[in-house]
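Participant: One structure, pasted below without further comment.
The values are calculated or read from the model by the stated rules, or taken from the named source; none is laboratory data. All values reported here derive from a predicted model rather than from experimental measurement. Don't worry about glycine lacking a Cβ; one is built from the backbone with ideal geometry, like all the others, and counts go over all protein chains shown.
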Amino acid sequence: MTPTCLLLDLDGTLVDSASGITASVTTALTRIGVPVPDADTLRSFTVSAWAKLDKKPDGAAVIAAQAGQYSPGFELYYSKAYDRWAVNQYSADAADATPIRAMQPEGTQARAGDWVHLVGVHDTVANTLTLYVNGAKAGSTELAGAFYADQSMYIGAGSYSGQVANYFPGTIDDVRLFDRPVSASEVQQLFKQRALVKGRWKFEQASGAPLTTPDASASGNSMTLSGGAQIGSGWVDGGLLLDGVNDYAATSTMPMDTSASFTVTAWAQAAAVPKGDVALLSAPGAAQSAFVVRYVPSATPDTDPGRWRISMADKDDAKEATITQVENGQFYSPADWTHLALVYDGFAKQLRLYVNGELEEIACADTDGNGDADDTACTDRFSWAENALSFKATQPLQLGRVKTGTTWGEYWPGAVSDVWAFQGALTDAQVSQLAIGMPGMSTDVPGGD
């Protein structure tokens, strides 16, 4: 039997990847009955989806379900009773059947307004029903009384004794069905396909004492201005002006988990070419920074603009950490507005530095294939690195400074504009879109919905 992955995406096309069958659907409908091959709920299968609640409903809200005569064979859904994401099966195809659910642990809550990636794994060999939330295992339980649900699959609602209910108030994307249990690493691959906006600071206004500037994302992670930092003009919308002496800004909390895939971007312009290393962004831990984005000047500034550099540490230890560094020198001057993007793919363990939307990839000629450059003065330059590891930063994101030991320094002398933080690795195309620098751009994942 050919393994099947059934995929529903927001472009309005339903695709059976095994047969190549496509069916046009209208994603504006609240529910969709799918009359194509579905999950055999008596056997092992996996269901995954991206979902975003616009608001928390008064009852359960189903993302995807496979209908039986009376009870669903499975449901991937939001549980109002527990205020958590869950996946369930029923003990039998009967109106009074007992739901058997795997859900997020006690103490966690589902959030409205945020995209979430959910995977339910029904494994008849391991005899488990498992829920993954945003790539991580959230809960598992033993199977009980699985049956073959022989009715339609529903997207955005469930069916109970033929009655449609539990409508989903929000957006659903990329629904997939597999006729096998997927592994934890495959769940990670599914999750990394969509980045989530975790913060955006446009620097259009500041208020209060101390001064704070708002987060334009749903996270509400405001940034506090310190020293003499001021709001002024920027490349995109507003800008933050820093004097290079003691000015900086910091978020309330670290917006993303730096031990997993993440992206952070910013526009920067130095007031003049710095004479020493200066930090644009840093993610401090207790003893080490998870990452630092800094400008490093050249010894020959008349002919070499210097480098933008990312330093990433694999552990929060000032002595034992292994530091991965990547550099990008493809720009004219740090005194020009420059777009920087740090992209870390935690699954592939790859660190990338984009300058003005581009990676630097210069390989020296080696015509004889002996592994040495034909020109001994030539040096390979790649603004990406493999086998990079990072730890989870525990302190707020710092804009305009970095901590070394117990001392803050390398203050940024210039302006910063349109800072973004994402959980997940942006693609080349998404970075390029941000590097255009369009004023008034909505606070959504580039190229997303």
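Participant: May I ask you to list the residues in the stretch 220-233 that are surrounded by fewer than 21 Cβ atoms within 10 Å (Cβ to Cβ) and either among the hydrophobic types (A, V, I, L, M, F, W, C) or more than 19 Å from the chain's Cα centre (by Cα) (or both)?
Facilitator: Within the stretch 220-233, SER222, THR224, SER226, GLY227, GLY228, GLN230, ILE231, GLY232, SER233 qualify.
Participant: Follow-up question, since we're still on this one. Report every pair of residues separated by at least 6 positions or lying on different chains whose Cβ atoms are under 6 Å apart, first residue within the stretch 203-222 and closer than 18 Å to MET256 by Cβ, second acidic (Asp, Glu) and surrounded by 18 or more Cβ atoms within 10 Å (Cβ to Cβ).
Facilitator: From the stretch 203-222, the pairs are ASN221/ASP215; SER222/ASP215.
Participant: Only residues that are of a type outside the set (Phe, Trp, Tyr), buried (at least 18 other Cβ atoms within 10 Å of the Cβ) and over 16 Å from GLN423 (Cβ atoms): list them for the stretch 182-211, please.
Facilitator: Scanning the stretch 182-211 gives VAL182, LYS202, ALA206.
Participant: So, one more: Collect the residues in the stretch 139-152 that are outside any loop (DSSP other than H, G, I, E, B) and among the small types (Gly, Ala, Ser), keeping them in residue-number order.
Facilitator: Let us first name the residues in the stretch 139-152 that are outside any loop (DSSP other than H, G, I, E, B), namely 139-142.
GLY139, SER140 - these are the residues of the stretch 139-152 that are outside any loop (DSSP other than H, G, I, E, B) and among the small types (Gly, Ala, Ser).
Participant: Which members of the stretch 414-434 meet the condition of being among the β-branched types (Val, Ile, Thr) and assigned to a strand (DSSP E or B)?
Facilitator: VAL416, VAL419
Participant: Another question, if that's okay. Among the residues of the stretch 98-120, write down those that are surrounded by 21 or more Cβ atoms within 10 Å (Cβ to Cβ) and either part of a loop (DSSP other than H, G, I, E, B) or of a type in the set (D, E, K, R) (or both).
Facilitator: Residues satisfying the conditions are ALA110, TRP115.
Participant: Counting only residues that are of a type in the set (A, V, I, L, M, F, W, C), surrounded by fewer than 19 Cβ atoms within 10 Å (Cβ to Cβ) and part of a strand (DSSP E or B), how many does the stretch 311-330 have?
Facilitator: 1
Participant: Further question: When only residues in the stretch 395-408 that are touching a residue at least 24 places away in the same chain (Cβ under 8 Å) and surrounded by fewer than 22 Cβ atoms within 10 Å (Cβ to Cβ) count, which is farthest from THR265 (Cα to Cα)?
Facilitator: Among residues in the stretch 395-408 that are touching a residue at least 24 places away in the same chain (Cβ under 8 Å) and surrounded by fewer than 22 Cβ atoms within 10 Å (Cβ to Cβ), the one farthest from THR265 (Cα to Cα) is GLY405.
Participant: Next question. Please give the strands (runs of 3 or more DSSP E) falling wholly within the stretch 331-413 in which 1 or more residues are closer than 30 Å to VAL245 by Cα and basic (Lys, Arg).
Facilitator: 350-355, 402-404
Participant: Right, something else. Select from the stretch 190-219 the residues that are more than 24 Å from the chain's Cα centre (by Cα) and assigned to a loop (DSSP other than H, G, I, E, B) and list them in ascending order.
Facilitator: Taking the stretch 190-219 as the starting set, the residues that turn out to be more than 24 Å from the chain's Cα centre (by Cα) are 204-212.
If the condition is that a residue be more than 24 Å from the chain's Cα centre (by Cα) and assigned to a loop (DSSP other than H, G, I, E, B), then GLU204, GLN205, ALA206, GLY208, ALA209, PRO210, LEU211 are the ones that fit.
Participant: Answer with yes or no whether ASP336 is free of Cβ contacts under 8 Å to residues at least 40 places away in the same chain and charged (D, E, K, R).
Facilitator: Against the criterion (free of Cβ contacts under 8 Å to residues at least 40 places away in the same chain and charged (D, E, K, R)), ASP336 does not qualify.
Participant: Identify all residues within the stretch 379-395 that are of a type outside the set (Lys, Arg) and under 28 Å from THR253 (Cα atoms); write none if there are none.
Facilitator: Those that are of a type outside the set (Lys, Arg) and under 28 Å from THR253 (Cα atoms): TRP384, ALA385, ASN387, ALA388, LEU389, SER390, PHE391, ALA393, THR394, GLN395.
Participant: Could you check, for the stretch 420-432, whether at least one of its residues is more than 19 Å from the chain's Cα centre (by Cα), closer than 14 Å to THR338 by Cα and touching a residue at least 12 places away in the same chain (Cβ under 8 Å)?
Facilitator: No, there is no match, as no residue in the stretch 420-432 is more than 19 Å from the chain's Cα centre (by Cα), closer than 14 Å to THR338 by Cα and touching a residue at least 12 places away in the same chain (Cβ under 8 Å).
Participant: Criterion first (over 19 Å from PHE191 (Cα atoms) and not basic (Lys, Arg)) does ALA138 satisfy it?
Facilitator: no
Participant: Of everything in the stretch 164-189, what is under 18 Å from ALA110 (Cβ atoms), among the charged types (D, E, K, R) and in a loop (DSSP other than H, G, I, E, B)? Give them in sequence order.
Facilitator: Of everything in the stretch 164-189, nothing turns out to be under 18 Å from ALA110 (Cβ atoms), among the charged types (D, E, K, R) and in a loop (DSSP other than H, G, I, E, B).
Participant: Right, another one. For the stretch 121-138, what are the residues that are closer than 17 Å to ARG101 by Cβ, in a strand (DSSP E or B) and either modelled with pLDDT under 95 or not aromatic (Phe, Trp, Tyr) (or both)?
Facilitator: Within the stretch 121-138, VAL121, HIS122, ASP123, THR128, LEU129, THR130, LEU131, VAL133, LYS137, ALA138 meet the criteria.
Participant: Can you say whether ALA268 is of a type outside the set (Asp, Glu) and under 24 Å from TRP308 (Cα atoms), as far as the supplied structure shows?
Facilitator: The answer is yes for ALA268.
Participant: Picking from ASP372, ASP368, ASP380, ASP418, which residue would you name as being over 24 Å from VAL133 (Cα atoms), touching a Cys at 6+ places or on another chain (Cβ under 8 Å) and assigned by TED's automatic domain parsing to the domain that holds THR324?
Facilitator: ASP380
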